[in-house]
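What follows is a structure written as C-alpha cells; I'll ask about it next.
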Amino acid sequence: MSSQSKSAGSSVNQQLVYAHGLAAVVMLFVSITFGIIASTELLWPDLGGGSPWLSWGRLRYDHTQGILFGWLGNAFLAFLYHAVPVLTGRSVTSARLGQWLFGLWNFVIVVPGWMLVLAGFSQPLEWAEFPLVIDAFVVLALLLMAVQFLPPFFARGIEDLYVSSWYIIGGLIFTLFAYPMGNFVPELVPGARGAAFSGLWIHDAVGLFVTPLALAIIYFVIPAASRRPIYSHFLSMLGFWLLFFLYPLNGTHHYVFSVIPMSAQIGAITASALLGVDVILVVANLLLSLRGSGWFPRDLPLRFVSTATVFYLLVSIQGSVQAQMSVNQAVHFSDWVIGHSHLAMLGFATFAAAGGIGHAWQRIPWARYNHRAMDWSYWLLFAGLAAMFINLTIAGVVEARLWQSNAPWLDSVRAVRPFWIGRTHSSLLIVAGFIAFFMGLTTGPKGAGLAAVEETVGLDAIDEISPRLSASHEVHGAAS
Amino acid sequence: MNEQRPPRALRMSYLVASIAGVGFFAMSVLLLGVWPGQVLEEQTRVMSPEHPLGLSASERRGREIYSREGCAYCHTQQVRYLHSDMERFGAPTLAWETRFDYPHLWGTRRIGPDLARESGSHPADWHFVHFYAPRSVVADSVMPAYSAMFDGSPDRPKQDARDLVAYLETLGRDRELAGSEGEAHARANCNCDKDEMSQMAFHAPELNANPHKTRRTGSPPALVTGSESRGKDLYARNCASCHGPQGRADGPGAAGLHPPPTNLAEHYYRYDRLSIVLTNGIAGTAMPAWRDFSIADRSALATFVRTLYVPQPEPTLPQNLLDLGARVYKENCAQCHGSTGAGDGTAVSELRIAPSNFRTGRPTLGETLRVLRNGIDGTQMAPWGADTNGRLSEAELSAVAYYVRSLLVVQSSD
C-alpha cells in the first residue's frame, strides 16, 4: 500500500498509528476535563451555574464514555495498526477503510456522542451512556474493526498465533457479541431482568474489550521491547482461555444482595474469586518474562506496561475480594468502587495503552519523541493515580462505616469532603502527567524514538520482531 | 524457557477451545442473563398486585429527565436485602416493583440516598425548592441545582420540574398502594418460606423508612434539656437553611415553601411539642422529620430552638375581652383547632395540614395577629381580618388572639 512507510521494514501503516495515537491523547484531555469538572462540582456543586450542559450527571456520562471510546478506543486502534502487521507479517485489510474507521470512530461516535449526552440524549446505563443512535454506529465500527484486523490473522492459520493475537481476536469478536447486550437489551427488558443483562455488560466492557486489548499490548511490548521471550507460552494460553471463560461469568457481582436469584449471584461471586486466581497466573507469567528488566526499565513504553501488569494484579485481586459478600455489603455503592475503577482504567488500562502508543510511536521513523518528557509522564501519572486511589479508598471505607451505623445520610457526604478535595487535587498530577505524555509524543527530535530504543535496549530491538517468534526462539535477523 | 511450536494435539485444542470460548460466552448470557430473567419474570407474574398503576405520560417524561440527568449515578433505586439498607430505606425491592422500568435505574453508586421508596417522603414544594437550589434547603448537600427547569424561581416550575416530581412520587407507590393485602399476596405466592433472604422483603420494620418522611401520628420519645452548643451546631447545619440563622424564617429556602417555615423567634414551644415536630415533621409541609437524629441530638435541638424565642412583655387582659375571644373562638375556630385548642377539632380529618395546637406552643401576640390578618399561605388557615373578607371585626380579632394565647398549658418540667 502506498501510504505505508518503508523504512520500518514492515507493512505498518504509520499514518494511521500516528493519527489514532494523537486522537487518543486529544480525546483523553477532553475526557479528563469532564471528570475534573465533575469531581470539582462535588466540592462546589454550584460551579456549573445550573447550566444543563455542565450538570454533574451529564459530565459523568461523558467522562467514562470518553475514556472508553475516545482514549482507550483510539489507543487500541493505534496499537493494532502497529501490532497486527508485526504479528502476522501482513498488512491490515485496507488503508482506505482505516481512514473511514478513523472518521467514524472519532467524528461519528465520540464527538457527537459527547454532544448528544450534554444536550440531554443518553441512556442511564453504565458503560453504555451514549444514546442508541450512537450505539448503532459503534456496532458498525466494531464490525469494520473485525474486517480490518482479523483477516491477517486467519490468513496464517490459528494454530500459529502468539498470545497477543489471541487477545486481539478474542477482544474484537466478544465485544461485538457483548455490546448489544448491554446497550440494547435493557431498553427492551424491564427492571430487574434488564439489570441482569446490564450487569453482564458492565463487566464485559472491562473484561472483554479493555482487558484483552490491554493484555495484548502488554504481551506484545514485553518481549518486543525487552528482547526476551515470554516466560511460558503455555501459561499465556492457559491464562487467556481462563480469562475468556471467567470474565463473562462475573457480571452479576454488580448486584449482590439484589432480587436477582441468589444462585446467579453466588455463581458470579465464585467466578470473581476464580478470576483473581487466573490473573495471578497471567501476571506471574508476565512478571517472570520481565526478569532482568528491573521494576522500572529504562525503555519507557516497557516501563509503562510492566507497571500496568502490577496494577492489573492489584485491581483484580481487589475485585475478587470486593465481590465477596461480606466486603461487598459494606463497600458497594461507595467511593471505594470509584477507586477500584480508576485503578483499573487509569492504572491498568491507561498504563498499558500509554505503553502501546509509546512503543508503536518510537518505531515511526519520522515521529518526534521525547524520552525525558515520557519519564516525567510516568512518574506524574504514577503519583497522581496513587493519590487518587488512596483518597477514594479511604473515602469508601468512611462511607461504608457511616452507612452501616445509624448516622444521618448527610454525615457520609460531609465526612468524605476532605478526601474528595484530595481526589480533585490528585487530578493536577494526572493532568501534568498527560501533558508530559503529549510532549513526549510531539516534542523532541524527529526519529528520537528509534534513538531511544537504541540507547535503552540496544540496536537490534529496532528491527521488526515478532514476539511470537521470539517466544519460540526464532528471532528474526536484521534482514527481515 | 525454550518452548518449541506447540505440538499438533495442542494446536487442535485451540480449535476446541475457540468453540468452547464462544460456548462459555453464550453460557454466561444464559446463566446470568436469560435464566435469572425467567425467574424474575415468573416472580413478577405471581407476586405483582393485579393492577399496578404503571406510569402516566407526565410520569414517563419525568423518568426520561431522571435518566438524562444521571440521577441514577448518585441515587440507587434498589433497596438491598440487607438490614443496613432496610433500616435506612425500607423494604427490599421486589422484582415486580421494577416491571415498568425501561431501562432499569438501579444504579451502582450512592452519593445521595436510595430513592426506591421516595414517594410520599417530601411534598412538592420541598422538591421544587430542592431542585431549584438544593443547598437552600439542605445546606451541606452536593446535589446539582436544576434551576433551568424553572422560570427563575422555585415557585414557577416548568413542565420538566413538574414531570420529575410526578415521577418521584411513583417510586415505591405501587407497593404502598398494594398495602398489607398486597404484601400477603406476594408472600403467599413467593414460594420462598424457607429462603431467609427472600423473606426479608416482607419483614422490613417499615415499607418506607426514610427518616425525613413526615407522619401525622407516631409516638415521639420524651425530650429533655440537651446540650445547647450541640443544638446550635445542628441547627446551623440542618435548620438555618429554611428557618434562618436566628430562626426568623428568612433562610434561603424559605421563599419557595408553602407554608413558609415558622418564625421560631416568635414562638414558644414546650419540649413535648418539639419532640413531636422533630420526630414526625409536619405532614403536608416542607418541615421534614428528623428521626435520623439520636434522642440526645433531638433534645439538643429542642433546647436550642427554645433559646431562639424572644419573649415579649405580656399585657394583662380584661375579662370581657377574653369572654368575647372565647365566643369568637367557639364559633369560628374550634371546629379546626379543637374546643380546648389542642388542634383536634371535628374538621381535622379533612385538612391536608393539621391545625396548630395552642396548648403546647404559643405564638407572640404580634405573630398571632399577623396570622389572623394574613392567614397562612399553603394551608387552610384563612385570613380573618375585616380588610380581607370582613369575617371578624378588629375587636373580635384581637379578642380571639388574646384568647388563643391564653390556652397554653405550661408544664412544671418546662
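The values are calculated or read from the model by the stated rules, or taken from the named source; none is laboratory data. Keep in mind the model is a prediction, meaning the values are calculated, not measured. Glycine gets a Cβ as well: all are built from the backbone with ideal geometry, and neighbour counts include every protein chain shown. All accessible areas refer to the heavy atoms of the entire protein, side chains included, with ligands and DNA or RNA removed. Shrake-Rupley method; radii C 1.70, N 1.55, O 1.52, S 1.80 Å.
Within the stretch A:185-205, is there a residue that is open to solvent by less than 10 Å² (accessible area, probe 1.4 Å), part of a helix (DSSP H, G or I) and away from chain B (no Cβ under 12 Å)?
Yes: the stretch A:185-205 contains one or more residues that are open to solvent by less than 10 Å² (accessible area, probe 1.4 Å), part of a helix (DSSP H, G or I) and away from chain B (no Cβ under 12 Å).
Which of the residues that make up the stretch B:50-92 are charged (D, E, K, R), open to solvent by 20 Å² or more (accessible area, probe 1.4 Å) and not in a helix (DSSP H, G or I)? Outline the logic, then answer.
Of the residues in the stretch B:50-92, the ones charged (D, E, K, R) are B:50, B:59-61, B:63-64, B:68-69, B:80, B:85, B:87-88.
With the extra rule that they be open to solvent by 20 Å² or more (accessible area, probe 1.4 Å), the set shrinks to B:50, B:59-61, B:64, B:68, B:87-88.
Hit for the stretch B:50-92 is B:Glu50, nothing else.
If you don't mind, there's one more thing I want to ask. Return the total of residues in the stretch B:175-197 being open to solvent by 30 Å² or more (accessible area, probe 1.4 Å) and either hydrophobic (A, V, I, L, M, F, W, C) or in a helix (DSSP H, G or I) (or both). Working first, answer last.
Let us first name the residues in the stretch B:175-197 that are open to solvent by 30 Å² or more (accessible area, probe 1.4 Å), namely B:176-177, B:180-181, B:183-185, B:187-189, B:191, B:193-197.
So of that shortlist, the ones also either hydrophobic (A, V, I, L, M, F, W, C) or in a helix (DSSP H, G or I) (or both) come out as B:176-177, B:180-181, B:183-185, B:187-189, B:196-197.
Final tally of qualifying residues: 12.
Out of B:Asp250, B:Asp233, I need the residue that is buried (at least 16 other Cβ atoms within 10 Å of the Cβ), farther than 15 Å from B:Trp126 by Cα and either of a type in the set (Val, Ile, Thr) or not assigned by TED's automatic domain parsing to the domain that holds B:Ala124 (or both). Which one? It would help to see each step written out before you state the result.
Working: B:Asp233 fails: buried (at least 16 other Cβ atoms within 10 Å of the Cβ).
Result of the check over B:Asp250, B:Asp233: B:Asp250.
I'd like to know if the stretch B:71-91 contains one or more residues that are out of contact with any Cys (no Cβ under 8 Å at 6 or more places or on another chain), of a type in the set (Phe, Trp, Tyr), closer than 17 Å to B:Gly172 by Cβ and more than 9 Å from chain A (Cβ to nearest Cβ).
yes
On the basis of being away from chain B (no Cβ under 14 Å), touching a helix residue (DSSP H, G or I) at 6+ places or on another chain (Cβ under 6 Å) and surrounded by 23 or more Cβ atoms within 10 Å (Cβ to Cβ), does A:Val305 make the cut? Before the answer, list the steps.
Working: away from chain B (no Cβ under 14 Å): yes; touching a helix residue (DSSP H, G or I) at 6+ places or on another chain (Cβ under 6 Å): yes; surrounded by 23 or more Cβ atoms within 10 Å (Cβ to Cβ): yes.
For A:Val305, the condition - away from chain B (no Cβ under 14 Å), touching a helix residue (DSSP H, G or I) at 6+ places or on another chain (Cβ under 6 Å) and surrounded by 23 or more Cβ atoms within 10 Å (Cβ to Cβ) - is met.
Could you check B:Arg373 against (1) of a type in the set (D, E, K, R); (2) crowded, with 19+ Cβ neighbours inside 10 Å; (3) assigned to a helix (DSSP H, G or I) and say which number it fails?
Evaluating B:Arg373 over (1) of a type in the set (D, E, K, R); (2) crowded, with 19+ Cβ neighbours inside 10 Å; (3) assigned to a helix (DSSP H, G or I) leaves (2) as the failure.
Look through B:Ala222, B:Ala201 and report the one residue that is crowded, with 20+ Cβ neighbours inside 10 Å and among the hydrophobic types (A, V, I, L, M, F, W, C).
On the way: B:Ala222 fails: crowded, with 20+ Cβ neighbours inside 10 Å.
Testing whether each residue is crowded, with 20+ Cβ neighbours inside 10 Å and among the hydrophobic types (A, V, I, L, M, F, W, C) leaves just B:Ala201.
So, of the residues in the stretch A:402-423 that are part of a helix (DSSP H, G or I) and touching a residue at least 24 places away in the same chain (Cβ under 8 Å), which turns out to be farthest from the chain's Cα centre (by Cα)?
Within the stretch A:402-423, the first condition is being part of a helix (DSSP H, G or I), and the residues that meet it are A:402-404, A:409-415, A:417-423.
Remaining after also requiring touching a residue at least 24 places away in the same chain (Cβ under 8 Å): A:403-404, A:417, A:419-423.
On the way: A:Trp403: 32, A:Gln404: 34, A:Arg417: 29, A:Phe419: 25, A:Trp420: 24, A:Ile421: 26, A:Gly422: 24, A:Arg423: 21 Å.
Residue satisfying both the conditions and the ranking: A:Gln404.
Modelled with pLDDT under 90, farther than 28 Å from A:Ser412 by Cβ, in a helix (DSSP H, G or I) and within 10 Å of chain B (Cβ to nearest Cβ): does that describe A:Gly251? Walk me through it before giving the result.
Numbers: modelled with pLDDT under 90: yes; farther than 28 Å from A:Ser412 by Cβ: no; in a helix (DSSP H, G or I): yes; within 10 Å of chain B (Cβ to nearest Cβ): yes.
No, not satisfied.
Here's something else I'd like to know. Being under 30 Å from B:Ser67 (Cα atoms), within 14 Å of chain B (Cβ to nearest Cβ) and either touching a residue at least 40 places away in the same chain (Cβ under 8 Å) or buried (at least 24 other Cβ atoms within 10 Å of the Cβ) (or both) narrows it down to one of A:Leu116, A:Leu132, A:Leu72, A:Leu104, so name that one. Write out each step before concluding.
Numbers: A:Leu116 fails: either touching a residue at least 40 places away in the same chain (Cβ under 8 Å) or buried (at least 24 other Cβ atoms within 10 Å of the Cβ) (or both); A:Leu72 fails: within 14 Å of chain B (Cβ to nearest Cβ); A:Leu104 fails: within 14 Å of chain B (Cβ to nearest Cβ).
Of the residues listed, the single one that is under 30 Å from B:Ser67 (Cα atoms), within 14 Å of chain B (Cβ to nearest Cβ) and either touching a residue at least 40 places away in the same chain (Cβ under 8 Å) or buried (at least 24 other Cβ atoms within 10 Å of the Cβ) (or both) is A:Leu132.
Moving on to the next point. If you scan the stretch A:338-366, which residues turn out to be part of a loop (DSSP other than H, G, I, E, B) and surrounded by fewer than 23 Cβ atoms within 10 Å (Cβ to Cβ)? First the steps, then the outcome.
So the first thing to find is which residues in the stretch A:338-366 are part of a loop (DSSP other than H, G, I, E, B), and the list is A:363-366.
Those that are part of a loop (DSSP other than H, G, I, E, B) and surrounded by fewer than 23 Cβ atoms within 10 Å (Cβ to Cβ): A:Pro365, A:Trp366.
From the residues in the stretch B:93-127 that are part of a loop (DSSP other than H, G, I, E, B) and of a type in the set (Ser, Thr, Tyr), which one is farthest from A:Ala192 (Cα to Cα)? Walk me through how you get there before you give the answer.
Quick first cut of the stretch B:93-127, residues part of a loop (DSSP other than H, G, I, E, B) only: B:93-94, B:99-108, B:110-123.
Checking which are of a type in the set (Ser, Thr, Tyr) leaves us with B:93, B:102, B:108, B:119, B:121.
Details: B:Thr93: 9, B:Tyr102: 10, B:Thr108: 13, B:Ser119: 20, B:Ser121: 24 Å.
By that ranking, first place goes to B:Ser121.
Further, regarding this structure: Which of (1) at the interface with chain B (Cβ under 9 Å from one of its Cβ atoms); (2) at pLDDT 85 or above does A:Val210 not meet, given it meets every other one?
(1)
Have a look at A:Thr442, A:Thr350 and point out the one that is touching a residue at least 40 places away in the same chain (Cβ under 8 Å), in contact with a strand residue (DSSP E or B) (Cβ under 8 Å, 6 or more places away or on another chain) and of a type outside the set (Phe, Trp, Tyr). Give the steps one after another, and end with the answer.
Values: A:Thr350 fails: in contact with a strand residue (DSSP E or B) (Cβ under 8 Å, 6 or more places away or on another chain).
Exactly one residue qualifies, and that residue is A:Thr442.
Counting only residues that are without any contact (Cβ under 8 Å) to a residue 40 or more places away in the chain and at the interface with chain B (Cβ under 7 Å from one of its Cβ atoms), which one in the stretch A:254-280 is least open to solvent (accessible area, probe 1.4 Å)?
Out of the qualifying residues, it is A:Pro261.
Turning to a different aspect of this structure: Residues being under 12 Å from B:Arg109 (Cβ atoms) and open to solvent by 40 Å² or more (accessible area, probe 1.4 Å): count how many of those fall in the stretch A:312-337. Break it down stepwise before answering.
From the stretch A:312-337, those under 12 Å from B:Arg109 (Cβ atoms) are A:331-337; that's our starting set.
So of that shortlist, the ones also open to solvent by 40 Å² or more (accessible area, probe 1.4 Å) come out as A:336-337.
The qualifying residues number 2.
Among the numbered criteria (1) buried (at least 24 other Cβ atoms within 10 Å of the Cβ); (2) under 30 Å from B:Ala186 (Cα atoms); (3) more than 20 Å from the chain's Cα centre (by Cα), which single criterion is violated by A:Asp299?
Status for A:Asp299: all satisfied but (2).
A follow-up question, please. Filter the stretch B:102-150 down to the residues that are in contact with a Gly (Cβ under 6 Å, 6 or more places away or on another chain), over 20 Å from A:Leu54 (Cα atoms) and facing chain A (nearest Cβ under 9 Å) and list them by number.
B:Pro103, B:His104
Evaluate the following for A:Tyr231: is it open to solvent by 10 Å² or more (accessible area, probe 1.4 Å) and touching a residue at least 24 places away in the same chain (Cβ under 8 Å)? If you could, list the steps in order and put the result at the bottom.
Values: open to solvent by 10 Å² or more (accessible area, probe 1.4 Å): yes; touching a residue at least 24 places away in the same chain (Cβ under 8 Å): yes.
Spelling it out, A:Tyr231 is indeed open to solvent by 10 Å² or more (accessible area, probe 1.4 Å) and touching a residue at least 24 places away in the same chain (Cβ under 8 Å).
Please go through the stretch A:409-433 and pick out each residue that is in contact with a helix residue (DSSP H, G or I) (Cβ under 6 Å, 6 or more places away or on another chain) and under 21 Å from A:Met345 (Cα atoms). Quick ask: steps written out before the conclusion?
Looking only at the stretch A:409-433, we keep the residues that are in contact with a helix residue (DSSP H, G or I) (Cβ under 6 Å, 6 or more places away or on another chain), and these are A:411-412, A:415-416, A:419, A:422-424, A:426-427, A:429-430, A:432-433.
Within the stretch A:409-433, A:Phe419, A:Gly422, A:Arg423, A:Thr424, A:Ser426, A:Ser427, A:Leu429, A:Ile430, A:Ala432, A:Gly433 qualify.
State which residue is farthest from the other protein chains (Cβ to nearest Cβ) when the search covers only the stretch A:403-417 and only residues that are closer than 16 Å to B:Cys74 by Cβ and open to solvent by 40 Å² or more (accessible area, probe 1.4 Å).
Within the stretch A:403-417, the first condition is being closer than 16 Å to B:Cys74 by Cβ, and the residues that meet it are A:403, A:409-410, A:412-414, A:416-417.
Of the ones still in play, those that are also open to solvent by 40 Å² or more (accessible area, probe 1.4 Å) are A:414, A:417.
On the way: A:Arg414: 5, A:Arg417: 9 Å.
Here the residue is A:Arg417.
Something else now. For the stretch A:163-175, which residues satisfy the criterion of being more than 11 Å from chain B (Cβ to nearest Cβ) and not polar (S, T, N, Q)?
A:Val163, A:Tyr167, A:Ile168, A:Gly171, A:Leu172
Okay, next question. Scan the stretch B:186-203 and tell me whether some residue there is touching a strand residue (DSSP E or B) at 6+ places or on another chain (Cβ under 7 Å) and either under 14 Å from B:Val79 (Cβ atoms) or in the same structural domain as B:Ala95 (by TED's automatic domain parsing) (or both). Steps first, please.
Taking the stretch B:186-203 as the starting set, the residues that turn out to be touching a strand residue (DSSP E or B) at 6+ places or on another chain (Cβ under 7 Å) are none.
No, because not a single residue in the stretch B:186-203 is touching a strand residue (DSSP E or B) at 6+ places or on another chain (Cβ under 7 Å) and either under 14 Å from B:Val79 (Cβ atoms) or in the same structural domain as B:Ala95 (by TED's automatic domain parsing) (or both).
Just for the stretch B:301-350: of the residues that are charged (D, E, K, R) and in a helix (DSSP H, G or I), which one is surrounded by the most Cβ atoms within 10 Å (Cβ to Cβ)? Before you say what the answer is, go through the steps one by one.
Taking the stretch B:301-350 and keeping what is charged (D, E, K, R), we get B:306, B:314, B:323, B:327, B:330-331, B:344, B:350.
Remaining after also requiring in a helix (DSSP H, G or I): B:306, B:323, B:327, B:330-331, B:350.
Working: B:Arg306: 19, B:Asp323: 12, B:Arg327: 14, B:Lys330: 13, B:Glu331: 12, B:Glu350: 8.
Checking each candidate, the answer is B:Arg306.
Looking at (1) among the aliphatic types (A, V, I, L, M); (2) closer than 28 Å to A:Ala360 by Cβ; (3) away from chain B (no Cβ under 14 Å), find the lone condition where A:Leu243 falls short.
(3)
So, in the stretch A:288-311, of the ones that are touching a residue at least 40 places away in the same chain (Cβ under 8 Å) and among the small types (Gly, Ala, Ser), which residue ends up farthest from B:Ile111 (Cα to Cα)?
A:Gly292
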